[in-house]
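Peer 1: Quick one: the structure is below, questions incoming.
The values are calculated or read from the model by the stated rules, or taken from the named source; none is laboratory data. Keep in mind it's a predicted model, so treat the numbers as computed, not measured. Here Cβ is always computed from backbone atoms with ideal geometry, including for glycine, and neighbour counts include all displayed protein chains. Protein only, heavy atoms only, side chains kept; ligands, DNA and RNA dropped before computing areas. Shrake-Rupley method; radii C 1.70, N 1.55, O 1.52, S 1.80 Å.
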Amino acid sequence: MASISQSVGRMGGKNLPDDVVTVKKLLNGVSPDNGGPTTPLSVASVHCDPKTIEAIQKFQLKHFGWKGADGRVDPDGPTIAKLNELSNASGLPQPFPPPTPTPGGENLPGCSVDQAGLINQAVKDAKTFLDVAIRRLRGISLVVMPDNVVKDTKEKVHNIFKIDFTTDMSSSSMVNAFRFASLLQDFGTLRASFNRKFPLRCDPKITNAAQVSNNFSDETITFGPRFFPGNADGAISNKDSRAVTVVHERAHTALRLSGHPGTGDVPVCVFPHLGFPGLSADNAAKNAWCYEWLTASLQPDYSPGKYMNVNICTEGGDTGAGG
């Protein structure tokens with residue numbers, strides 16, 4: 001699915017060159033009967049010219065009527081979603097497709113066909129989850145989200161990464177602004193790391209659900225029995241948990257994060273949206289758990305129960321670290 005980083009079109013459109021070209025290609029991929037341009041837009045030009053705005057508005061009129069025809073395409077808006085649904089555009093950047101497992105799991109060493117399928121799906125879901133998280137983080141500064149969504153996002157960033165958005169204009173506010181800019185850059189680096197292939201394998205002997213090497217040049221993620229349904233302790237019980245586990249492991253190598261400073265190796269009873277009590281901002285920025293927690297908690301259907309055993313944990317209650 002094609003995406004844009006900022007708005008394209010009239011009425012406050014940022015019209016970044018890459019975004020403009022993406023919208024033009026999407027529009028060109030829509031048939032005129034479905035609201036696409038009669039004459040294809042020039043993708044050689046990176047400018048959002050009147051013809052582009054006219055084509056945006058024509059498409060919106062077809063599908064949303066006058067009330068929805070503002071001549072602008074927003075990153076999280078209905079127009080980009082409809083364009084992705086109807087466009088047959090080629091040449092747009094697409095994430096690499098997961099390899100199709102073959103008998104014996106040859107595409108993923110050590111994995112069965114079923115295990116390879118679950119891992120490939122988890123990688124695909126991880127990219128989608130990160131896209132959602134990044135859009136919400138960008139929405140804080142661009143003010144393109146409803147107030148309640150902005151408030152919810154800021155609270156979760158504060159809980160997990162200890163970045164305070166309520167400070168007045170002072171030295172502390174500048175520090176928080178820098179930390180947020182760095183966080184957004186780190187999430188962008190993490191997401192970009194999924195656009196290149198990296199090794200995936202299974203090893204029935206490892207006790208972790210998934211792990212990476214301490215050698216950052218080795219990007220292999222190794223999956224153990226706890227990553228899959230039917231494991232003895234139910235550590236990874238659903239597809240959402242598997243997706244953010246991949247985010248966690250990829251953060252180690254993409255961001256060169258060693259260990260889990262400030263939390264120990266395995267936090268117990270940590271509700272993702274609350275983060276880890278007492279963790280410093282510096283340690284949070286270096287902790288793969290925090291990238292996992294924020295990615296999980298910013299999903300539109302987020303529920304703490306997806307990521308922990310709510311029968312033994314009480315929100316805001318016990319936290320700790322295991323060996």
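Peer 1: Among the numbered criteria (1) more than 22 Å from Leu294 (Cβ to Cβ); (2) part of a helix (DSSP H, G or I); (3) modelled with pLDDT of 90 or more, which single criterion is violated by Thr245?
Peer 2: (1)
Peer 1: Please report, ordered by residue number, the helices (runs of 4 or more DSSP H) entirely within the range 37-152 with at least 3 residues that are at pLDDT below 85. So that I can check it myself, show each step before the final result.
Peer 2: Details: elements: 50-64, 78-86, 113-142.
Once the helices (runs of 4 or more DSSP H) in the range 37-152 are filtered for at least 3 residues that are at pLDDT below 85, what remains is 113-142.
Peer 1: Look through the range 190-214, keep the residues that are within 17 Å of Val244 (Cβ to Cβ) and polar (S, T, N, Q), and return whichever of them is least open to solvent (accessible area, probe 1.4 Å).
Peer 2: For the range 190-214, the residue satisfying everything is Ser193.
Peer 1: Cβ-Cβ below 7 Å, separation at least six or inter-chain, first residue in the range 44-64 and under 13 Å from Asp19 (Cα atoms), second open to solvent by 30 Å² or more (accessible area, probe 1.4 Å) and part of a helix (DSSP H, G or I): which pairs?
Peer 2: Once the first residue is under 13 Å from Asp19 (Cα atoms) and sits in the range 44-64, its partners that are open to solvent by 30 Å² or more (accessible area, probe 1.4 Å) and part of a helix (DSSP H, G or I) give Val46/Pro17.
Peer 1: Related question: Write out, first by first residue and then by second, each pair whose Cβ atoms fall under 8 Å of each other, whose residues are 6+ apart or on separate chains, and whose first residue, in the range 8-22, is over 16 Å from Asp70 (Cβ atoms) while the second is open to solvent by less than 20 Å² (accessible area, probe 1.4 Å) and in a helix (DSSP H, G or I).
Peer 2: Hits for this filter: Val20/Thr52.
Peer 1: Now a separate question. Assess whether Ser217 counts as being surrounded by fewer than 18 Cβ atoms within 10 Å (Cβ to Cβ), touching a Ser or Thr at 6+ places or on another chain (Cβ under 9 Å) and modelled with pLDDT under 90. Before you say what the answer is, go through the steps one by one.
Peer 2: Working: surrounded by fewer than 18 Cβ atoms within 10 Å (Cβ to Cβ): yes; touching a Ser or Thr at 6+ places or on another chain (Cβ under 9 Å): yes; modelled with pLDDT under 90: yes.
Yes: the conditions hold for Ser217.
Peer 1: Any chance you could count how many residues in the range 1-53 are in contact with a Gly (Cβ under 9 Å, 6 or more places away or on another chain) and either over 16 Å from Ile80 (Cα atoms) or exposed (fewer than 14 other Cβ atoms within 10 Å of the Cβ) (or both)?
Peer 2: Matching residues across the range 1-53 total 2.
Peer 1: Another question about this same structure. Return the pair list, or none, for Cβ contacts closer than 7 Å from residues in the range 249-267 that are modelled with pLDDT of 90 or more to residues that are among the charged types (D, E, K, R), at least 6 apart or on different chains.
Peer 2: Between residues of the range 249-267 that are modelled with pLDDT of 90 or more and residues that are among the charged types (D, E, K, R), the close pairs are Thr253/Glu219; Leu255/Asp186; Leu257/Lys286; Pro261/Lys286.
Peer 1: Which pairs have Cβ atoms under 6 Å, sit 6 or more apart or on different chains, and link a residue in the range 65-90 that is open to solvent by 50 Å² or more (accessible area, probe 1.4 Å) to one that is of a type in the set (A, V, I, L, M, F, W, C) and not in a helix (DSSP H, G or I)?
Peer 2: These pairs meet every condition: Asp70/Met11; Arg72/Met11.
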